[in-house]
Structure formats: C-alpha cells, structure tokens
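Peer 1: Handing you a structure now.
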Amino acid sequence: MQPLTWFRSLRKTNAKKKEKANNKKNKRQREHSGKTLTFSITQNANSVGIHGDSLSLQFAVEGIDLPQNVDASFSVWSILPAAMAAGFNVHIEHPIDPVVAANAEQLTRIWEMWIPNRYRSVTVSGEGEWSRNRKQRFPRVDLYSGGVDSTYSILQSASLKHRGYALTVRGLDYRDKNASAKRFPELISKTAPLLKKINYQQTVVRTDARFDPLSITHGFTLASCLFLLSDLFEEGTIAADQTLVQDMVTFPWGNNHLTNHYLAGSDFAMRTVGADLTRTEKLAVIAGSGVALPFLSFCRKPSIVPSNCGRCDKCVRTKVMLAAAIGRVPEIFIDSQFNKDFVKRLETGGRGRADVFEIYHYALQHGHIDAVPGLLELVEECRQIETPDPREL
Ligand SMILES: [Zn+2]
C-alpha cells in the first residue's frame, strides 16, 4: 500500500470508530427523548448563563457592554445541537423571538433528514410575548477568527468612515481541553494591528457551548454568540466556508448557505457573506490588499496557534492555495518549505475534491500551474472518482 493511501485509510478507520462511539453516546443521551426540558437564563453584567436539567452553558462578552436582560433567543441556537442529539424539546422560561423558534424547529427537521442516525426533530418554545427592547442599534457585527474567509470579509466591508465591529469567539478552535485557550490572547494581539488599521473594534465572546461533531455544530454556536449581541446590532455576518457550488460537494457541513439561511429571527440574522469567491480567490485578494497577509491565522496545531506551522493539513492546504493564487508561498509559515510532497497531501475524496478543483481552476486561469507541482496528478486522481447515480443510492 502506498504511504499516502495507508494514511488516508487509517484516517477513514478512525473516523468510522469515532462515528460508532458517537452513535452509542447518542443512544445513551436519548433517555430524554420526546421529553420537554426547561432552561432559564441568568445574567451578571457581561456574563450570561443558560441552565437546564442536563445542560449548563456559559457566555462572557468582552469589548462591548451588554444591556440588562439580553434577548434570550440566542440560547435556542446553543441548546439545539444537544436537543437534536438527545431528542428533547426545548422550552425557555423567557420570551423567545417566534421567528427564531420556528426556524430552529425547521433546522432540526433538516438535520434529522440529513443525518437521521444522529439527530431528531424537536420543538422549541418560550414564555411570554417577545419584543426587542432596544430600538437604536449599530448596523452590523462580523464574526472574525483571523482565518482566510473572515479576513477577506472584513477587508471587503471595512470603511474608514464607519467603525466596524469584529466578534472573535473563544471556545471552538481555542479551547481548554487542548491548551490552545492559553494562546487566545496571542490571537487577539496578533490581529489587533489589522483591525486598528481598517477601523474595526474587536469584541470577544468566550463560551463553553461546544458540541461534537464540530463540523456540524459550529454554525449553531457561532449563531448563538452573534444573537447574544442582537440587542446591540441590527445583523451579524459569518464568512462562507465554501461557495454555493462547493456546498453541493461538501455535504453535510455545518456552515452552509442553506441551513445558515434559517439562523434568523424577526429583526436579527446571521447573514452569510463571501459566497461568490473560493478560498483561493479570497487569498489572492488578501495578498493583493498589501495589508492583511501577515495577520492571517489558520493553523490547526494547538501548540503553535496563532502562528501557522506550515505542516498541519490546514497549513498545507493554504500553502497550496497561495501558490495557485499568487504563484509563490509567502513567508507567513514557521516552516515555509513547499514541494510536490506537500501538494500530494491534499485529500481528493469527500470535501477535498472541492479544494483540488478550485486550486486547479484558479492556477489554470492565472498561469500558475507550474507553481503547484503535483497538482495535475491530484486532478487526475479526482477524475477517477465515480459519481453515484442518485437513483441507485
Ligand atoms: Zn499548521
């Protein structure tokens, strides 16, 4: 067996084992299935807690003051992954935006259809009549992780005339379990000069609302962090991970245009931005801006972040995209080596195919094929993938 093939099959075996363990865990969790669990919200200045029978979640905001009695609708999104996995209905002891409740229920029906061995459709309810307390709000808050997609987004919407607001979440990528949480302050100081330059104010939400598998649930956590600020802003944005076309390849993935559309209420929504461009195209824009490249942080290695190791899967993929985008790998990696072996580490199965073709198409159009050694072999590998006939699935 080729070393690369061996590596991929090991990864698949591990994924299957994990899936099996998760299914077992989900079955155990389903002791509450069909029941209605009640949750209450407590607030102490900028710290907000969600408390219920089997679940307690914390949120703490920095960089902007929350009003008293925040809109409790945010809690729905953060509870939903646990509710869908366990099959319990959600009741919040506070007024909930009826549009949030209806959209949340629809989302649970979608996820039950997409992943029926993991999720159940549930109902969502609140108490009392919901209304927005604040009429005067800032126009927009943008989720910002320091990564490629959100850096592109804030560059596009930056205006020196009007102050922008960036929201960085601690608790998903940066978390206590793998010690990366300790490095979160470095992410804040690394990105601060860019935000200052483009007239953005940085805000932070720290939370422990994190559910496996993150690839599906991260959209819910991010939406809950944005909705926590819905008394202060008229809308929130999230940078698209993929284009609409790539969403059709990467299925099911938590941050997608279809389900993101339902992360919305009566007067606040998580709007998806940057859907027209692939990540390679976004990198070309970021490099062309002349200001943002040194502030990028996309590495997945907990002991290295917010620097970029240059060796993990995410760093390797970004190196290949940069080579296709600008014809070279810039000095933003600890290990900036680049050769055919790095390119060949890209996956061709699953969502990897979307990356390979976006890189190939961009490099081809911009005369950068020679800057990405081994790319054509990967494309050939993708061409061997058989597309299933939906009638035979
Ligand atoms: Zn890395």
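Read-outs throughout are calculated quantities, based only on the coordinates presented, and are distinct from any laboratory measurement. Model, not experiment: these values are computed from the prediction. Here Cβ is always computed from backbone atoms with ideal geometry, including for glycine, and neighbour counts include all displayed protein chains.
Peer 1: Counting helices only, and only those DSSP H runs with n ≥ 4, report the 222 nm mean residue ellipticity of the chain as the sum of -39,500 (n - 2.57) divided by its residues, in deg cm²/dmol to the nearest 500.
Peer 2: So the calculated ellipticity at 222 nm is -12500 deg cm²/dmol.
Peer 1: Another one. Calculate the all-directions average of the projected area of the stretch 329-393's alpha-carbon convex hull, and give it in nm².
Peer 2: Taking a quarter of the hull surface, the average projection is 5.5 nm².
Peer 1: Rounded to whole Å and ordered largest first, report the semi-axes of the equivalent ellipsoid of the stretch 186-246 derived from its Cα gyration tensor (root of 5λ).
Peer 2: 22, 16, 15
Peer 1: In what order do K282, K161 fall by count of nearby beta-carbon atoms within 10 Å, going from fewest to most?
Peer 2: K161, K282
Peer 1: Just the Cα atoms of the stretch 279-385, one point each, no solvent: what log10 I(q)/I(0) does Debye give at q = 0.10, 0.15, 0.17, 0.23 Å⁻¹?
Peer 2: -0.25, -0.57, -0.74, -1.30
Peer 1: Filter the cross-link list K282/K319; K190/K319; K182/K344; K177/K197; K182/K314 down to pairs whose alpha-carbon distance in this structure exceeds 23 Å.
Peer 2: K182/K344; K177/K197
Peer 1: Moving on to the next point. In µm²/s, what is D for the chain at 4 °C and 1.567 mPa s, where D = kT/(6 pi eta Rh) by Stokes-Einstein and Rh is the Kirkwood radius from Cα pairs?
Peer 2: 58
Peer 1: Based on alpha-carbon centroids, what's the gap between the stretch 145-193 and the stretch 47-79 in Å, whole number please?
Peer 2: 20
Peer 1: What is the set of long-range amide H partners of R140 at a cut-off below 5 Å, with H atoms built 1.01 Å from backbone N?
Peer 2: Those qualifying (amide H under 5 Å, at least 5 residues apart or on another chain) are E234, E235.
Peer 1: Residue by residue through the stretch 76-83, what is 3J(HN,Hα) from phi via Karplus (6.51 cos²θ - 1.76 cosθ + 1.60, θ = phi - 60°)? Round to whole Hz and write x for glycine and proline.
Peer 2: 4, 4, 6, 7, 3, x, 5, 5
Peer 1: Once label points are set 7 Å from the Cα along Cα→Cβ at both D341 and S189, what is their separation, rounded to one decimal in nm?
Peer 2: Result: 3.4 nm between the two label points.
Peer 1: Mind ranking 314-327, 137-150 by how tightly packed they are, going by the mean number of other C-beta atoms within 10 angstrom, highest first?
Peer 2: 314-327, 137-150
Peer 1: If you average the C-alpha positions of the stretch 194-268 and of the stretch 95-144 separately, how far apart do those two centres end up, in angstrom?
Peer 2: Taking the Cα centre of each part, the stretch 194-268 and the stretch 95-144 sit 13 Å apart.
Peer 1: Checking a compactness column here: for the stretch 30-125, what do you get for Rg(Cα) / (2.2 N^0.38 Å), N being the number of residues?
Peer 2: Ratio of Cα Rg to 2.2 N^0.38 Å: 1.11.
Peer 1: Amide H to amide H under 5 Å from F39: which residues, 5+ apart in sequence or cross-chain, H placed 1.01 Å off N in plane?
Peer 2: H91, I92, E93
Peer 1: May I pose another question? Run down the aspartates and glutamates and flag those whose C-alpha is under 20 Å from the C-alpha of K161, throwing out any fewer than 8 positions away in its chain.
Peer 2: D142, E234, E235
Peer 1: When the scattering of the stretch 131-251 is computed by the Debye formula from its Cα atoms alone, each counted once and equally, what is log10 I(q)/I(0) at q = 0.14, 0.22 Å⁻¹?
Peer 2: Rounded to two decimals, the profile gives -0.65, -1.38.
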